[in-house]
1. How compact and how long is the range A:11-161, expressed as Rg and Dmax of its alpha-carbon atoms in Å?
2. How much of the calculated P(r) for the protein assembly as shown lies past 38 Å, in percent of all Cα pairs?
3. At 7 angstrom along the Cα-to-beta-carbon line, where would the label on A:Lys24 sit relative to the other copies? Give the distances in nm, shortest first.
4. As an exercise, take the mean of 1/r over every pair of distinct alpha carbons in the range A:1-56, invert it, and state the Kirkwood radius in angstroms.
5. Filter the cross-link list B:Lys192/B:Lys359; B:Lys282/B:Lys359; A:Lys7/A:Lys110; A:Lys210/A:Lys359; B:Lys7/B:Lys359; B:Lys20/B:Lys192 down to pairs whose alpha-carbon distance in this structure exceeds 26 Å.
6. With a cut-off of at most 12 other beta carbons within 10 Å, and DSSP calling the residue loop, which trypsin sites (Lys or Arg not before Pro) in the range B:13-90 qualify? Please list them.
7. Calculate the mean, over all residues of peptide B:90-97, of how many other protein chain Cβ atoms lie within 10 angstrom of the residue's Cβ.
8. With both partners inside the range A:72-206, how many of the DSSP beta bridges are antiparallel, as a percent to the nearest 5?
Number of protein chains: 2
Amino acid sequence: MALIVQKYGGSSVADADSIKRVAKRVAEARRAGHDVAVVVSAMGDTTDELIDLAHQMTPLPPQREMDILLTAGERISMSLLAIAITSLGVEARSFTGQQAGVITDEVHGKARIIDVTPSRISATLADGAVAIVAGFQGVNLETNDVTTLGRGGSDTTAVALAAALHADVCEIYTDVDGVFTADPRIVPTARKLERVGYDEMLELAASGAKVLMLRCVEYARRYGVPVHVRSSFSTHTGTLVTDQPAPTPEEAPVEQPMIAGVAHDRSEAKITVVGVPDVPGKAARIFGVVASAGVNIDMIVQNVSAARTGLTDISFTLPAADGAAALAALDARQPDVGFDSLQYDDTIGKLSLVGAGMKSHPGVSAKLFGALSDAGINIEMITTSEIRISVVTRADSLDEAVRAVHTAFDLDAETAEAVVYGGTGR
Amino acid sequence: MALIVQKYGGSSVADADSIKRVAKRVAEARRAGHDVAVVVSAMGDTTDELIDLAHQMTPLPPQREMDILLTAGERISMSLLAIAITSLGVEARSFTGQQAGVITDEVHGKARIIDVTPSRISATLADGAVAIVAGFQGVNLETNDVTTLGRGGSDTTAVALAAALHADVCEIYTDVDGVFTADPRIVPTARKLERVGYDEMLELAASGAKVLMLRCVEYARRYGVPVHVRSSFSTHTGTLVTDQPAPTPEEAPVEQPMIAGVAHDRSEAKITVVGVPDVPGKAARIFGVVASAGVNIDMIVQNVSAARTGLTDISFTLPAADGAAALAALDARQPDVGFDSLQYDDTIGKLSLVGAGMKSHPGVSAKLFGALSDAGINIEMITTSEIRISVVTRADSLDEAVRAVHTAFDLDAETAEAVVYGGTGR
């Protein structure tokens with residue numbers, strides 16, 4: 001019998017009936033003899049409703065108070081789930097992040113877990129009861145205040161708890177059947193991956209795949225926690241994220257595919273700094289200004305200098321949400337940095353091809369560029385890592401680009417197999 | 001400048017606009033130079049909605065989980081209030097019962113406060129900030145679990161916090177202007193009391209006056225906390241509950257009225273045990289059985305024994321909510337205790353006349369009975385204490401009885417002065 005950590009997102013516990021369904025699923029796992037700890041998000045839209053209430057008070061509420069406010073959401077879902085499980089005859093107790101020993105730093109709104117000391121959870125499991133733990137929240141021991149982990153926080157709670165409990169597996173229940181070779185809403189013939197390595201999953205998450213958040217995958221890789229991404233709406237096996245991406249010969253007699261999948265991201269924008277003097281140190285100055293505004297840069301392209309003018313253009317991508325801050329920072333330093341003007345473009349899309357197999361396969365980038373060219377899609381920027389190639393296209397040709405690349409790399413299933421069940425939790 | 005604890009009930013923080021209004025009031029008190037700690041209940045119907053959600057899971061949810069669930073309510077209202085106050089330029093921080101040092105016993109659902117260690121609240125006030133504290137909740141240190149205090153719990157939190165902080169006054173904001181000589185909904189000419197003693201307030205609360213809960217008044221009396229009951233919808237002075245009920249000569253040159261007020265209670269029922277053998281020890285047996293069912297008895301009447309039969313009837317009143325439990329307990333022991341039958345009557349009403357002044361005034365009960373007799377109202381049971389006389393009447397003549405007694409004791413104001421503003425909080 002195994003020790004299992006299960007995580008259910010907001011759409012899985014959206015209302016009373018959903019909670020009852022999750023309770024049944026948890027009770028079954030417990031009755032099968034497993035030790036079960038469950039991490040839950042807030043019910044459905046609770047978090048957004050609480051944020052809305054706070055914004056009715058003031059546009060910029062203090063983060064400490066926002067954290068207290070938002071943690072009420074998991075408090076409600078976790079106690080209701082414990083009540084529902086108990087009513088099925090299986091003992092269950094719920095615990096806040098603090099009670100579960102989720103210790104974080106003091107950064108309200110996006111705290112990082114620095115330790116998990118789950119003695120109450122272990123004691124509960126030893127009693128034969130199911131332990132329910134509030135996702136997304138922890139406590140800072142210096143201030144004794146509650147903190148929240150930011151977007152994707154509940155996934156991170158689940159993986160961190162699984163690591164601390166030395167769980168056999170961390171099951172992340174979501175509204176899709178697992179990790180797919182592409183977003184099934186864009187590529188109906190996308191295939192579900194049976195397994196995927198931590199590194200590939202990291203690149204997929206960083207490149208826009210929303211099924212798992214980057215921080216959660218980083219945590220799983222660091223502590224070697226096997227993560228099973230699966231649907232809370234079906235009993236299908238999902239995708240196992242592990243450090244052993246290759247199936248054993250018995251499991252899969254065919255060769256492991258070279259490519260894990262095609263991710264896409266519409267959340268970035270491009271800033272072009274026009275007319276930069278082509279002298280050493282200018283690029284460093286520009287990116288220094290952007291960094292000092294707290295903005296992370298993704299891709300960079302420097303055009304060939306026009307020899308006649310001695311000026312060049314530098315383009316980079318960044319989260320569109322940080323666009324205004326970056327522009328303001330650059331604008332304020334224009335005389336100092338020295339450039340002609342700024343251009344801003346938030347109608348770009350990024351496509352990323354990810355696969356550990358591509359390291360040893362030459363010609364991957366040639367095939368990618370060929371597929372996009374055949375589809376008549378223009379490439380504006382390119383970056384590569386050992387297991388990823390990313391290109392920037394126009395936003396309105398991104399879907400077509402994803403489909404073209406998916407087909408070119410033989411990722412299509414014979415028929416559409418993915419089902420998307422609902423919204424996404426936090 | 002004073003140290004003030006203010007308590008706002010659910011109807012005072014029912015929605016975003018109400019919270020903003022409360023925030024303004026708190027900010028004014030702080031700007032006037034006072035140290036201000038605020039205790040809040042959950043917003044409006046939040047508690048009832050959470051209870052309803054739990055009952056959708058199972059009719060009898062575990063009390064530990066119910067406490068976790070319900071404490072989410074104050075978490076939301078307290079953080080929103082802190083946000084609203086901060087947005088007015090006055091620093092404010094919110095604290096859960098646990099963070100505020102409200103230590104209770106382990107009885108989930110109706111825990112008793114055993115200590116308050118408000119070091120974080122004191123530190124916050126010393127910083128010049130307003131401290132917001134969740135009412136109705138605490139923590140049990142043996143289990144490290146949250147507890148709730150039951151009905152009226154937020155008032156008790158406020159008084160206990162005021163006692164621990166050695167506050168100058170505990171202001172209980174409610175939806176009426178203070179404590180009245182009778183319920184203004186029944187007696188439109190009821191007068192607001194300027195002051196009332198702890199003992200009289202205790203008797204009024206125990207006799208059905210709902211403006212303050214019994215436990216809160218007990219706590220205030222034990223620790224000598226002056227309580228100012230006032231409206232959150234107006235700026236009128238309310239009623240001061242204190243151990244100095246008599247105004248000083250400068251404050252009130254006229255004689256202190258003999259009677260504090262007339263309370264009424266419709267929540268009791270009457271059980272009559274018919275045909276009890278009139279031998280010593282039978283009454284003790286009956287009340288022993290009822291007590292063992294966890295039921296508190298209020299009034300008792302034993303009829304004169306009919307000499308012919310050697311049997312008597314014993315009637316007693318009890319909370320109607322406990323009626324079924326008491327009947328079942330008695331029924332189960334019928335052969336053992338020895339009686340003919342049981343009668344149950346939940347259409348009774350109780351009127352109580354309360355006043356420290358009546359101790360030294362003879363003829364109070366004669367005047368009371370005369371007023372009821374003149375109004376044609378039959379008295380079924382009577383009990384008295386030094387400062388209270390209670391009578392049981394038919395439920396449907398209770399309102400008329402209250403008005404008749406109110407008039408007979410010269411309590412009527414010349415015109416209606418009470419305004420009732422809304423629902424009641426917890």
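Computed from the coordinates by the stated procedures, all read-outs in this text should not be read as laboratory data. Just so it is clear, the model here is predicted, and its values are computed rather than measured. Virtual Cβ from ideal backbone geometry, glycine too; neighbours counted across all protein chains shown.
1. In order Rg, Dmax, the Cα atoms of the range A:11-161 give 15.3, 50 Å.
2. Numbers: 202028 of 362526 pairs.
Counting every Cα pair in the protein assembly as shown, those more than 38 Å apart make up 56 percent.
3. 5.1
4. Values: mean 1/r = 0.0803 Å⁻¹.
About 12.5 Å, per the Kirkwood formula over Cα pairs.
5. Values: B:Lys192/B:Lys359 22 Å; B:Lys282/B:Lys359 33 Å; A:Lys7/A:Lys110 19 Å; A:Lys210/A:Lys359 24 Å; B:Lys7/B:Lys359 33 Å; B:Lys20/B:Lys192 28 Å.
In this structure, B:Lys282/B:Lys359; B:Lys7/B:Lys359; B:Lys20/B:Lys192 exceed 26 Å between Cα atoms.
6. Working: sites: B:Lys20, B:Arg21, B:Lys24, B:Arg25, B:Arg30, B:Arg31, B:Arg64, B:Arg75; in loops: none.
Sparse-neighbourhood loop trypsin sites (Lys or Arg not before Pro): none present.
7. Working: counts 0, 1, 2, 5, 5, 3, 5, 0.
Average per residue, whole number: 3.
8. Details: 8 of 13 bridges.
If we restrict to bridges inside the range A:72-206, about 60 percent are antiparallel.
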